[in-house]
Amino acid sequence: MLTDKCIIVGVTGGIAAYKAPDLISKLVKAGVDVHIIMTESAAKFITPLTLQTISRNPVTTQMFEFPGEWEVQHISLADRADLMVVAPATANIIGKVCAGIADDILSTTIMATRAPVLFAPAMNVHMYENPIVQANIAKLSSLGCHFLEPGTGRLACGYEGKGRLPDVDIIFDKICSLTVSTRDLTGKTFLVTAGPTREYIDPIRFLSNGSTGKMGYAVAEAARERGARVILISGPVSIPVPPGVTYIPVVSARDMFEAVVKHYQEADVVVKTAAVADYHPKKQLGSKLKKGRDDWALELTKNEDILQYLGRNKGNRILIGFAAETDNLLENATRKIRDKNLDFIVANDVTQPGAGFGTDTNVVKFLYRDGRVEQMDKMGKKEVAHHIVDRILSLQETLARGGS
Ligand code: PMT
């Protein structure tokens, strides 16, 4: 998605500057033409030579360096950029840009560019919570700048709290969202399911699972950004609905079944990311069950397998399933491809760190009908989503050429 994009990475003077090489290296691997601008303070934490070696481009630190080409340096870079990302962004650079100060090469380039600007703040928790910093972030956001939330945890200064540089995978995902210009899904309709289902026992208790909807919403958002019409059918989650999708909230597996079947005819592609409950209580009580008995057996009955139903009525559609496994990943996921008549399945071993439920990243394998297996590295869920879309497109091309 990022091949041949020109991205300026601004590095400012905080301890998190040591993480900038990871981001730069990931961008370079993705085919991006990366240009680094460092503040003088940043150069105290990490050397320009390090970033030059990783980015394979000269690093700019000074306003009045003799330009290699006959162009005014900050203007030429600012004009060429598809995006500027400041990572880490200190309270100082946020404050300067907010006040319209352009007194070094980084603040001047931010001022001069018409490309989207993304800040990835990293600082002490009290600095981040300072109302002045918060007001600056609010003002810049209202003026069209983009901000990522810092991560929470132990900070270099010894405090616990919000202030860590967001995970490199999260920064990368956001960069993808802000720079995607490919409209290769125009004319296609994607039906995406996400989140958990809830199977109520009584009016206040239910059986469910830990799906947060992050993976499914990332698929919906990626497809939408690439031009698809997207119908997102989601169980109860608390993350924002991606802009531009048709959103259909559901609660139980039976609700999801009904909604999916209703919209199936319209879909060219179905991606079933939802973690659907396999069973529901045989009886749903009309009022709250009172505590009393020491033992209590709950009788469950099977839900319809939605994906299997779709697989039996597949027609020309592309059907993608997910498999969340804790053991025998390949064996179990391969069986699901066959049983549900899928084109491919995205298998995640949910016991792996950074994979599965609730995480911002995932570690997946793509398994195909012909037995091929593709192992992916750990990456942000949005990046996984774009890989899924890429594979759907190449599958459609193969089918259009008469392949299988
Ligand atoms: O939402 P997140 O917190 O980001 O977490 C992401 C995830 C872990 C939920 C996601 O990556 C994932 O693995 N989703 C599928 C989870 C799952 O329940 O898999 P399964 O092996 O039980 O089901 C296999 C496939 O059949 C899935 O595509 C599922 O949607 C579908 N299914 C299952 C049961 C059922 N009754 N109907 C179905 O359609």
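Computed values, structure above
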quantity	calculated
Cα lying deepest toward the dipole's positive end in the chain, options Phe366, Leu300, Ile204, charges on Cβ	Leu300
Karplus (6.51, -1.76, 1.60) ³J(HN,Hα), θ = phi - 60°, over segment 105-117, in Hz, Gly and Pro reported as x	5, 6, 5, 5, 5, 4, 5, 8, 7, 10, 7, x, 10
Volume in Å³ per residue [convex hull over Cα atoms, computed for segment 120-263]	147 Å³
Solvent-accessible area of Lys302 with every protein chain in place, 1.4 Å probe, in Å² to the nearest 10	140 Å²
For the chain, with +1 on Lys and Arg beta carbons and -1 on Asp and Glu, the positive-most of Leu51, Leu319, Ile175 along the dipole	Leu319
Of Ile93, Ile137, Val389, farthest towards positive along the dipole that unit charges on Lys, Arg, Asp, Glu beta carbons give the chain	Val389
Karplus (6.51, -1.76, 1.60) ³J(HN,Hα), θ = phi - 60°, over segment 159-168, in Hz, Gly and Pro reported as x	7, 9, x, 7, x, 6, 4, x, 3, 4
Segment 6-179, accessible area per residue, ligands and nucleic acids excluded (1.4 Å, Å²)	46 Å²
Net dipole in debye of the chain [+1 Lys, Arg Cβ; -1 Asp, Glu Cβ; about Cα centre; nearest 20]	1180 debye
For His126, solvent-accessible area (1.4 Å; no DNA, RNA or ligand), Å²	100 Å²
Solvent exposure ordering (accessible area, 1.4 Å, most first) of Met256, Met63	Met63, Met256
Hits among lysines - C-alpha to C-alpha of Lys288 under 24 Å, sequence gap 8 or more where chains match	Lys302
Ile132 versus Gln52: modelled label distance in nm, points set 7 Å from Cα along the beta carbon direction	3.5 nm
Solvent exposure ordering (accessible area, 1.4 Å, most first) of Tyr128, Tyr159	Tyr159, Tyr128
Table column - 3J(HN,Hα) (Hz), segment 13-23, Karplus curve with 6.51, -1.76, 1.60, x for Gly and Pro	x, x, 4, 5, 4, 5, 8, 4, x, 5, 5
Shape parameters for segment 247-404, alpha-carbon atoms, Rg then Dmax in Å	18.1, 65
Base-10 log of normalised Debye intensity for segment 6-179 (one unit scatterer per alpha-carbon) at q = 0.08 Å⁻¹	-0.21
Surface accessible to a 1.4 Å probe, per residue, for the residues of segment 189-400, Å²	48 Å²
Reduced Cα scattering model of segment 268-314, Debye log10 I(q)/I(0), q = 0.17, 0.27 Å⁻¹	-0.69, -1.10
Solvent-accessible area, 1.4 Å probe, carbon plus sulfur percent, for the chain	51 percent
5 Å-binned pair-distance histogram of segment 72-173 (Cα, whole percent)	2, 13, 23, 23, 19, 11, 5, 2, 0
Rg/Rh ratio calculated on Cα atoms of the chain (Kirkwood radius)	1.03
Ordering of 266-274, 336-344 by burial proxy (mean other Cβ atoms within 10 Å per residue, highest first)	266-274, 336-344
Cα-centre dipole for segment 176-318 with unit charges at Cβ (Lys and Arg positive, Asp and Glu negative), debye to 20	120 debye
For Ile248, distant residues with modelled amide H under 5 Å away	Leu232, Ile233, Ser234
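The values are calculated or read from the model by the stated rules, or taken from the named source; none is laboratory data. Being a predicted model, the structure only gives us computed values, none of them experimental. Glycine gets a Cβ as well: all are built from the backbone with ideal geometry, and neighbour counts include every protein chain shown. Protein only, heavy atoms only, side chains kept; ligands, DNA and RNA dropped before computing areas. Shrake-Rupley method; radii C 1.70, N 1.55, O 1.52, S 1.80 Å.
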